[in-house]
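Below is the structure I would like to discuss, written out as structure tokens.
The values are calculated or read from the model by the stated rules, or taken from the named source; none is laboratory data. Keep in mind that what you see is a predicted model, and the values were worked out from it rather than measured. We place every Cβ from the backbone using ideal geometry, glycine too, and count neighbours over all the protein chains shown. These area figures cover heavy atoms from the full protein model, side chains too; ligands, DNA and RNA do not enter into them. Shrake-Rupley method; radii C 1.70, N 1.55, O 1.52, S 1.80 Å.
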Amino acid sequence: MGEVAVVTGAARGFGLGIARRLAERGYAVVATDVDPVVEEVVSRFGAHGVVADVRDPAAHRAVADAARRYGRVAVWVNNAGVLATGPVWEQDDDVVRRMVEVNLLGVVHGSRVAVETMRGSGGRILNIASMSAYGPVPGLAVYAATKAAVLNFGTSLQGDLDLAGVPIRVHTLCPDAADTAMVDRVRDDEDSAILFSGGGLLPPDEVADAAVALLDGRRLVRAVPAHRAGMARLGAVAPSVGLRVLALMRKWGEKRR
């Protein structure tokens, strides 16, 4: 038996691309999603699909148990995420709760189980955050908050692992808006305009390539593309200025989407 990689949210988008690339590298891949279609789509490249909800810690442990049947778990990718746009005071309670539970608690629970699984033999955790982790994003307040928390959680977790002498590396990828089904679903929402303010939506394959490449080194955090991260950080360093810039970018995005 060889090395195993677990990828959540792998029925489509980034997760599917990452799972495929890890399988091509020789990993036995266990790919999870709440959508049962994951079982069929990942079987096309030899991966093992498992229906699982990242909001449930017990589901992560069941996935880890399944993964160990194929070998040593060496990589764990927390990719599952959901997006809703609009002013937070207009969002339903269930929508807000789902974003926090999937985007943040799903990463926390997955990382905890990954550490439990890999702490004796070492490995790598990859958490997929977002460019919105770097600063405010009006129209995506809850989503941006969850992704900022994912970024801070990952680097904090790395500090805890280093202090405990646990040989696990935690990486966080922060991609800009990409041409995925998740973004396409909110394309017509008024508050999604900021997603279309860059040089164009990223191809999902570019993000998947960057994700797998991050696993090859010791770099903890990477933004894709890097220049957009600098602009995003302006909103956090100088919020009054940053929010004015974001308002202009939103108008630009309205024209481009």
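Considering the range 18-39 alone, what residues qualify as being under 22 Å from residue 177 (Cβ atoms) and surrounded by fewer than 24 Cβ atoms within 10 Å (Cβ to Cβ)?
Initial filter on the range 18-39 (under 22 Å from residue 177 (Cβ atoms)): 18-21, 33, 35.
Matches in the range 18-39: 20, 21, 35.
Sticking with this one: I need every pair where a residue in the range 223-240 that is over 11 Å from residue 131 (Cβ atoms) and in contact (Cβ under 8 Å) with a residue 40 or more places away in the chain has its Cβ under 7 Å from the Cβ of a residue that is of a type in the set (Ser, Thr, Tyr) and in a helix (DSSP H, G or I), sequence separation at least 6 or different chains.
Within 7 Å, the pairs are 236/134.
Identify the single condition in (1) among the aliphatic types (A, V, I, L, M); (2) open to solvent by 30 Å² or more (accessible area, probe 1.4 Å); (3) part of a strand (DSSP E or B) that residue 96 does not satisfy, given that it satisfies every other one.
(3)
Just give me the residues in the range 155-203 being over 30 Å from residue 90 (Cα atoms) and either surrounded by 22 or more Cβ atoms within 10 Å (Cβ to Cβ) or in contact (Cβ under 8 Å) with a residue 24 or more places away in the chain (or both), in sequence order. Spell out how you get there, then give the answer.
Here is the first cut: in the range 155-203, the ones over 30 Å from residue 90 (Cα atoms) are 155-172, 203.
Within the range 155-203, 155, 157, 158, 161, 166, 167, 168, 169, 170, 171, 172, 203 meet the criteria.
Which numbered condition trips up residue 146, out of (1) under 30 Å from residue 89 (Cα atoms); (2) touching a strand residue (DSSP E or B) at 6+ places or on another chain (Cβ under 8 Å)?
Among (1) under 30 Å from residue 89 (Cα atoms); (2) touching a strand residue (DSSP E or B) at 6+ places or on another chain (Cβ under 8 Å), residue 146 violates only (2).
Identify, by number, the condition in (1) within 17 Å of the chain's Cα centre (by Cα); (2) within 17 Å of residue 18 (Cβ to Cβ); (3) open to solvent by less than 30 Å² (accessible area, probe 1.4 Å) that residue 124 doesn't meet.
(3)
If you don't mind, there's one more thing I want to ask. Does any residue of the range 99-120 turn out to be under 22 Å from residue 210 (Cα atoms) and open to solvent by 60 Å² or more (accessible area, probe 1.4 Å)?
So far as the range 99-120 goes, no, none of its residues is under 22 Å from residue 210 (Cα atoms) and open to solvent by 60 Å² or more (accessible area, probe 1.4 Å).
For the list (1) at pLDDT below 95; (2) more than 17 Å from the chain's Cα centre (by Cα); (3) of a type outside the set (Phe, Trp, Tyr), I need the number of the one condition that residue 168 fails.
(1)
A further question follows. Would you pick out the residues in the range 184-217 that are closer than 17 Å to residue 249 by Cα and part of a helix (DSSP H, G or I)?
Within the range 184-217, 190, 191, 192, 193, 194, 195, 196 meet the criteria.
Answer yes if at least one residue in the range 142-161 is at pLDDT 95 or above, not in a helix (DSSP H, G or I) and not polar (S, T, N, Q), and no otherwise.
Start the filter on the range 142-161 by keeping residues that are at pLDDT 95 or above, which leaves 142-161.
Next, from what is left, pick out any that are not in a helix (DSSP H, G or I): none.
Within the range 142-161, none of the residues are at pLDDT 95 or above, not in a helix (DSSP H, G or I) and not polar (S, T, N, Q).
Is it the case that the range 213-234 has a residue that's at pLDDT 85 or above, at positive phi and of a type outside the set (Lys, Arg)?
Checked the range 213-234: no residue is at pLDDT 85 or above, at positive phi and of a type outside the set (Lys, Arg).
Whether any residue in the range 128-140 is surrounded by fewer than 18 Cβ atoms within 10 Å (Cβ to Cβ), among the hydroxyl-bearing types (Ser, Thr, Tyr) and either more than 26 Å from residue 190 (Cβ to Cβ) or in contact (Cβ under 8 Å) with a residue 12 or more places away in the chain (or both) is what I want to check.
No, every residue in the range 128-140 fails to be surrounded by fewer than 18 Cβ atoms within 10 Å (Cβ to Cβ), among the hydroxyl-bearing types (Ser, Thr, Tyr) and either more than 26 Å from residue 190 (Cβ to Cβ) or in contact (Cβ under 8 Å) with a residue 12 or more places away in the chain (or both).
Considering only residues that are touching a Leu at 6+ places or on another chain (Cβ under 7 Å), open to solvent by 30 Å² or more (accessible area, probe 1.4 Å) and not basic (Lys, Arg), which ones fall in the range 222-257?
241, 245 - these are the residues of the range 222-257 that are touching a Leu at 6+ places or on another chain (Cβ under 7 Å), open to solvent by 30 Å² or more (accessible area, probe 1.4 Å) and not basic (Lys, Arg).
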